[in-house]
Amino acid sequence: MTTNPPLEQRTVAELMTRDLLTIAADESVLMAWELMCRAEVHHLPVTDVEGGFLGVIDAHTLIAAWNATTPREARRPVTTLLPSRRPSAVRPMATVPDAARAMLDADTDYAPVTDEHGALVGLITARDLIGALAGVHREIPERAGGMPSLYRIEPVLPRQTPAHHASGSSIDPG
């Protein structure tokens, strides 16, 4: 059995999540809700068209902004939910207390982990910190290139709308 150093001496890289599900900036609030529910995640990093990191949408923000009585609100871009001030990012070699301080300063339960160029390489959450404090070991595979796996789910739409039903009648697209 291997023992880890005390939590306050461990690095963010030891605890952070590297494989992240992301959402594109032009996707809707509804798509963010759907992704969080289906993937059972509480945080979605938001990326621009080049994959650049814009911020994180968390479940609390999404739930607080949800208005089921106005369907148009669900179609607004997910970027409308991003905080006006991006939370302080931490580096992979930062200590766990540094990450906890960043979360407290930003009043969030997560801290983005970025490289020296500001590219997102992971996310550390309060759940990661609590798991480490409880001694729960989570297998985090090493990455050769240091880049996270950023998964982006794109809606699948038919290439064209069928012109006729099986009975041969036309479909009215309006």
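Just a few scattered comments:
- Once the Cα-Cα distance is subtracted from the 0.36 nm per residue extended length, the residue 34 to residue 67 segment shows a gain of 10.4 nm.
- Residues whose placed amide H lies under 5 Å from that of residue 56, excluding near-sequence neighbours: 46
- Potential lengthening between residue 137 and residue 116 on full extension [0.36 nm per residue; Cα-Cα distance subtracted]: 4.8 nm
- Segment residue 7-residue 82, length gained on full extension (0.36 nm per residue, minus Cα span): 24.0 nm
Every number here is computed from the coordinates shown, using simple stated rules; none is lab data. Because the structure is a prediction, the values reported are computed rather than measured.
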